[in-house]
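Engineer: Pasting a structure below so you can have a look.
The values are calculated or read from the model by the stated rules, or taken from the named source; none is laboratory data. Please read all numbers here as calculations on a predicted model, not as lab measurements. Note: ideal-geometry Cβ built from the backbone for every residue, glycine included; neighbour counts use all protein chains shown.
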Amino acid sequence: MANEDNNTLESDRTGNDAVGRRTFLGAASAGALTTTLAGCMGGVGSGGGGDDVFKIGHLGPTELQMGRGAERSAELAVAELKDNGGVQGQDVELLSEDTGGSPSEAERVTQNLVGSDNVDLLVGTFVSEVTQGIIDYVAERDVPFIITGSADPATITENHGQDYEQYKNIVRTGPINSDLQAEGMAGYASHLNDLHGFENFSILADDAAWTGSFRDILPDLIEEDSDLSVVHEDRMALDTDNFNPFLDDAADADADVVMRFIAHGGAATFTSTWAQNEYPFALEGISVPGMSPEFWGATNGTCLYETTSQSGAGGVSELTDKTMPFVEAYEEEFTGDGQDPPSKPMYMGFNSYDGILFYAKAAEEAGTTDYNSDLDAIVDAMLNTEFTGAAGEISLYGEDSDYPNDLKESRNEDGIISNFPVTQWHEDGDGGVVECVYPEQDATAEHVVPEWI
Amino acid sequence: MISAVYALIAIGFTMIFGVGGVLNLAHGALIMIGAFTYLAATSAAIPPFAGFLLAVVVTAAASYALYAGLVKYIEDNIVITFLATVVVALLLTELVIIQFGSAPSQLLPVISGTIYLEAVGTRIRYVQLLAFVVSWIAIGALWYYVTKTDEGRSILATSMSTRGAELTGVDLQKVKSRTWLIAGAFAGIAGVFIGTLQSTSPQMWLSPLALAFIIVVIGGIGSIKGSVIAAYLIGYLETASVEILGPSFQGVLSLVVLVAILLLKPNGLFGRELVHE
Amino acid sequence: MSSATDRLSTATGRIDQSLQPLADVYNRLFGDYFGEMNGLQFVLIFGTAAALLTAPFWGNFGLVRAMTVAAIWAIFAMSWDIQSGYTGYISFGHSVLSGAAGYTTAMLIHNVNPELSMMITIPVSIFAALVVGLLVALPSLRLTGPYFSLITFVAVLIFYRLIPSFSQYTGGETGIQSVEVFTYAPVARYYYMVVPMLLIAVVLTLIARSNIGLILMSIRENEAAVNAAGINATKFKIFSFALSSIPMGIGGVLLVHFSGGVDPTTFIVVDRSIEMIAIAVLGGMSSILGPLGGAFFLIVLRDYILTDIANLGSSIRWTVFWALVLLVLVFARDGVFRKLWHGLDRIGGDRR
């Protein structure tokens, strides 16, 4: 014990001493030199290309399935780019960082990627809070940033809407922002009414940035269809673990459908509370944990009949001619024994994959990836690029629209938003299977109502 | 209903404090161990009931290991002890993430099914009833044990006065070990039910721990009776705040009551003066 | 063992002797205020100070960034130390104080006027931390021992729960991200954090070494005796909380202008309080400079060595981090830097 102490003490001492003496000498002159040295010190320089490797920094909560799926999908995109000769003749390298879903951690890794690794492109960010936490820094540094996870419209309207010039290097290629998602969701509500005669809707939303549109504009959008009414609304604190009161309230209000917008860990509890108590309404909306291909196991099958909206439709429906090749490539590489979940890319995977390939195409058109000197050319090229991705068609809104640099929605002939599909868990022998139930052109099965209703 | 489970948690927490003066902030982590043991057991196709027993045993063992392997050596310094135990909790969180991932999972209920109470307008799952019954059996058994058996009485005696108990020939080490085992078993029971009724995730230790804190402070540190009563008070307050203020205000009311009680009766409803020995 | 130390100290003693004149100059000038030290200790303190001030010249991007963060945490840990470390009233609620400052800045900008200058927001925010500090201290300091710790813990829970309840002002779980940062330039940013930190370290050391510090420590050792000596212990406990709130406020303001926003996870949650405590304990409680060292040690370890160099995933990183803290708690409960300091005293030349 005492011996150990002495050892640590000695090594600490010598360590500190060495640094101490060296820097002590330097310190005297340092003050005078501060200004002159500022340009050429250590590794703390300013970023920017300068090498012949095209580096992509991917940001996501890679401890979560969503982030892991996205990271792997980015790897597939990079492999594809390499096979096709790189980007603008440069070799391609992927640097993936875990944001831990926290703004402060994201800030740290982003500054490392941009300031130290000199990435040429940033892709990712799942949590809206994370996106907003790093956006000012990224705007400052001009490095192109493609948002592929978070859908909060304020990210665009509060930044690009106010000062386009400052934020022009930041675009979103998926999913459509949640204002548009809300509109898509209202279309889906009418569809449910056509199908099953559901009239009363309840909206339960996480108390978080990304649900803002569903709390604020979705009720009015639903009630635009005169057959429908919103009979109950509430928001749930993120640490809620007892959902009985919320579901009781919805049942008391005679809701036929509860649309819940939930991204945190309680989603599985929410689902099993609903299913085991056989609450008399259908469970629709968006459940981020519910998008996991492994959700059936995580909920012991209680997720049967619940739906969630997700871009990419869980990889079960052929949205474009690129969908299935991508999903198959993913499954070949990452699904099977000993592989961690998710066994499908999940929505952020689709978007990260598409985002990287989209940028590569835009860069070819711009003829450059040097954002330090040719940012305008790159941004123009991105705004003019039309690209068919695995999750759908990608083209961006221009500077003068409501959502500059944001993904355009696609609409079918009735004007209904069609690139925000809905999937439902169906029974498949002893297990469960994800089916796409909306919109009709992509559906693989018809929406079913829980048997207890 | 779930108040009985809260009471179990609080009793374990308060007993450990009573006999050793240790604030075991890893108590929530023990609950987590219970839930994850059950999860691991049931996903390995062990029947739920056996899995439940296994979870209780493993948690009790973990609790004892925590005492014998760590707390025993540092319990003389209360600050170090509660820092060390909270660090243990945080460490376990990370280990659980590494082993099970950070996404929450749902436990297979020990029994499934549900009944609808027309009069109250809510639904109750059988597993909720089971949680209630099992918790009360456990509390009853403990009550019998500490008041009617010599072994148990020595625990009670120690928590009243360590020195007095020692003078009357109580083996302090044994008493402490037993207490940690009991507290661990209770945490294991609570873990399975909390994990089933709420969520089983690497963060699940914090809110039961906070609840145990609140209950124990209101009931008085070291008092078993106080814990049960306070647990029901808190349970009632939670329901009441949902009724009065709406579901998003769960928990705020109980915190307010807590502060009020602390200010009026700093030792809790049934607490005793904290003696420096 | 002891002969090894002897041999070591004959060698180091010589080094110490040669440094002694420098230390003596210092001791004559400042020894009364900060305590005397021997040559090696002198080099440790001023070498470290010099190393800190010149970090951007020898560190790389990741290291300097980690040190920037560490400077903020050093402020938190030192502030915690002057209150909890010295009086023995262990607060689990210090994240509320920095949170109060951070949130005040962000809420002023978000709800009142986005153009508000830092000249206004900074003092107001620090004042807010002080007010919240007193709000927490006044009722809770009536309690002793674990009850005090529990109620400060509850204070964190209450603030944490209130944030979503008033989300139109606080931004709920998202927080508010519209705060201006000082600068993104890594070097200038470093000095924005490290200079206030050094000033706070000097001021707090000065206070801790004065009679006030002595009284605070006496409260920890024997509160009844302090009261019996005719000193109002409660007054000093509240004073120490207030004293701690001000640098907490400064740290909170620095943090909000470092990250450009507030959210409950970065500012309020009890994990943050526990981190402050862990840093302070690891460095050595009731020594002010110990927590400073602890902050640089732990944060650089966590944000630089384990990430940029060892390249570990986040959960393994935290596992190592907490395991290390646990080891220090059990085996070096007086703190790593206190051991180092006394070690230097031992192996330094015999001067007394």
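Engineer: For the stretch C:141-155: of the residues being more than 7 Å from chain B (Cβ to nearest Cβ) and of a type in the set (A, V, I, L, M, F, W, C), which is nearest to residue B:219 (Cα to Cα)?
Structural biologist: It comes out as C:148.
Engineer: Considering only residues that are assigned to a loop (DSSP other than H, G, I, E, B), at pLDDT 90 or above and touching a strand residue (DSSP E or B) at 6+ places or on another chain (Cβ under 7 Å), which ones fall in the stretch A:390-436?
Structural biologist: A:405, A:406, A:408, A:409, A:410, A:421
Engineer: I'd like to know if the stretch C:133-151 contains one or more residues that are assigned to a helix (DSSP H, G or I) and farther than 28 Å from residue B:262 by Cα. Spell out how you get there, then give the answer.
Structural biologist: Of all residues in the stretch C:133-151, those assigned to a helix (DSSP H, G or I) come to C:133-140, C:145-151.
Okay, now just the ones that are also farther than 28 Å from residue B:262 by Cα, so none.
No: zero hits.
Engineer: Could I ask something else about it? Would you confirm whether any residue within the stretch B:138-149 is modelled with pLDDT of 80 or more, more than 14 Å from chain A (Cβ to nearest Cβ) and part of a loop (DSSP other than H, G, I, E, B)?
Structural biologist: The answer is yes, given that some residue of the stretch B:138-149 is modelled with pLDDT of 80 or more, more than 14 Å from chain A (Cβ to nearest Cβ) and part of a loop (DSSP other than H, G, I, E, B).
Engineer: Is it the case that residue C:248 is touching a residue at least 12 places away in the same chain (Cβ under 8 Å) and under 18 Å from residue C:89 (Cα atoms)?
Structural biologist: Yes, satisfied.
Engineer: On to the next question. Give the stretch B:89-132 a look and list any residue that's assigned to a strand (DSSP E or B) and either of a type in the set (S, T, N, Q) or at the interface with chain A (Cβ under 9 Å from one of its Cβ atoms) (or both), or say none.
Structural biologist: Matches in the stretch B:89-132: B:105, B:114, B:116, B:122, B:123, B:124, B:125.
Engineer: Checking the structure you have, find out if any residue of the stretch C:111-120 is among the β-branched types (Val, Ile, Thr), assigned to a helix (DSSP H, G or I), within 30 Å of residue B:13 (Cα to Cα) and in contact (Cβ under 8 Å) with a residue 12 or more places away in the chain.
Structural biologist: There is no residue in the stretch C:111-120 that is among the β-branched types (Val, Ile, Thr), assigned to a helix (DSSP H, G or I), within 30 Å of residue B:13 (Cα to Cα) and in contact (Cβ under 8 Å) with a residue 12 or more places away in the chain.
Engineer: Can you work out which of the residues in the stretch A:276-331 that are among the β-branched types (Val, Ile, Thr) and not in a strand (DSSP E or B) is nearest to the other protein chains (Cβ to nearest Cβ)?
Structural biologist: Per the stated criteria, the residue is A:299.
Engineer: Okay, moving on. Could you list, in sequence order, the residues of the stretch C:224-266 that are polar (S, T, N, Q), part of a helix (DSSP H, G or I) and surrounded by fewer than 21 Cβ atoms within 10 Å (Cβ to Cβ)?
Structural biologist: C:227, C:234, C:265
Residue-wise test of (1) farther than 30 Å from residue C:206 by Cα; (2) aliphatic (A, V, I, L, M); (3) in contact (Cβ under 8 Å) with a residue 12 or more places away in the chain; (4) touching a helix residue (DSSP H, G or I) at 6+ places or on another chain (Cβ under 8 Å).
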{"position": "C:293", "(1), (2), (3), (4)": "no, no, yes, yes"}
{"position": "C:298", "(1), (2), (3), (4)": "no, yes, yes, yes"}
{"position": "C:304", "(1), (2), (3), (4)": "yes, no, yes, yes"}
{"position": "C:308", "(1), (2), (3), (4)": "yes, no, yes, yes"}
{"position": "C:324", "(1), (2), (3), (4)": "yes, yes, yes, yes"}
{"position": "C:345", "(1), (2), (3), (4)": "no, no, yes, yes"}
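Engineer: Follow-up question, since we're still on this one. Filter the stretch A:332-358 down to the residues that are crowded, with 18+ Cβ neighbours inside 10 Å and not in a helix (DSSP H, G or I) and list them by number.
Structural biologist: Keep residues of the stretch A:332-358 that are crowded, with 18+ Cβ neighbours inside 10 Å, which gives A:334, A:341-358.
If the condition is that a residue be crowded, with 18+ Cβ neighbours inside 10 Å and not in a helix (DSSP H, G or I), then A:341, A:342, A:343, A:344, A:345 are the ones that fit.
Engineer: Evaluate the stretch C:338-352: report whether one residue or more is modelled with pLDDT of 80 or more and within 23 Å of residue C:64 (Cβ to Cβ).
Structural biologist: Looking through the stretch C:338-352, none of the residues is modelled with pLDDT of 80 or more and within 23 Å of residue C:64 (Cβ to Cβ).
Engineer: Moving on to the next point. Scan B:2, B:11, B:16 and give me the residue that is β-branched (Val, Ile, Thr), surrounded by 24 or more Cβ atoms within 10 Å (Cβ to Cβ), within 13 Å of another protein chain (Cβ to nearest Cβ) and under 19 Å from residue B:138 (Cα atoms).
Structural biologist: The conditions single out B:16.
Engineer: Can you tell me which residue among A:438, A:371, A:397, A:403 is touching a Pro at 6+ places or on another chain (Cβ under 9 Å) and more than 25 Å from residue A:183 (Cβ to Cβ)? Before you say what the answer is, go through the steps one by one.
Structural biologist: On the way: A:438 fails: more than 25 Å from residue A:183 (Cβ to Cβ); A:397 fails: more than 25 Å from residue A:183 (Cβ to Cβ); A:403 fails: more than 25 Å from residue A:183 (Cβ to Cβ).
After ruling out the rest, the residue left standing is A:371.
Engineer: Okay, next question. Which one of these is among the aliphatic types (A, V, I, L, M), without any contact (Cβ under 8 Å) to a residue 40 or more places away in the chain and in contact with a helix residue (DSSP H, G or I) (Cβ under 7 Å, 6 or more places away or on another chain): A:313, A:329, A:298, A:360?
Structural biologist: Values: A:313 fails: without any contact (Cβ under 8 Å) to a residue 40 or more places away in the chain; A:329 fails: without any contact (Cβ under 8 Å) to a residue 40 or more places away in the chain; A:360 fails: without any contact (Cβ under 8 Å) to a residue 40 or more places away in the chain.
The unique qualifying residue is A:298.
Engineer: In this structure, is residue C:320 in contact with a Leu (Cβ under 8 Å, 6 or more places away or on another chain), surrounded by fewer than 21 Cβ atoms within 10 Å (Cβ to Cβ) and within 13 Å of chain B (Cβ to nearest Cβ)?
Structural biologist: Yes.
Engineer: Considering only residues of the stretch A:73-121 that are assigned to a loop (DSSP other than H, G, I, E, B), surrounded by 18 or more Cβ atoms within 10 Å (Cβ to Cβ) and not acidic (Asp, Glu), which is farthest from the chain's Cα centre (by Cα)?
Structural biologist: A:118
Engineer: Continuing with this model, one more query. Quick one: which residue in C:49, C:55, C:128, C:71 is away from chain A (no Cβ under 14 Å) and closer than 25 Å to residue C:294 by Cβ?
Structural biologist: C:71
Engineer: Taking the condition of being farther than 25 Å from residue C:86 by Cβ, at pLDDT 80 or above and more than 11 Å from chain A (Cβ to nearest Cβ), how many residues in the stretch C:298-317 meet it?
Structural biologist: Count: 4.
Engineer: Among the residues of the stretch A:359-378, which ones are in a helix (DSSP H, G or I) and either in contact with a Leu (Cβ under 9 Å, 6 or more places away or on another chain) or not assigned by TED's automatic domain parsing to the domain that holds residue A:73 (or both)?
Structural biologist: Answer for the stretch A:359-378, where residues must be in a helix (DSSP H, G or I) and either in contact with a Leu (Cβ under 9 Å, 6 or more places away or on another chain) or not assigned by TED's automatic domain parsing to the domain that holds residue A:73 (or both): A:359, A:360, A:362, A:363, A:371.
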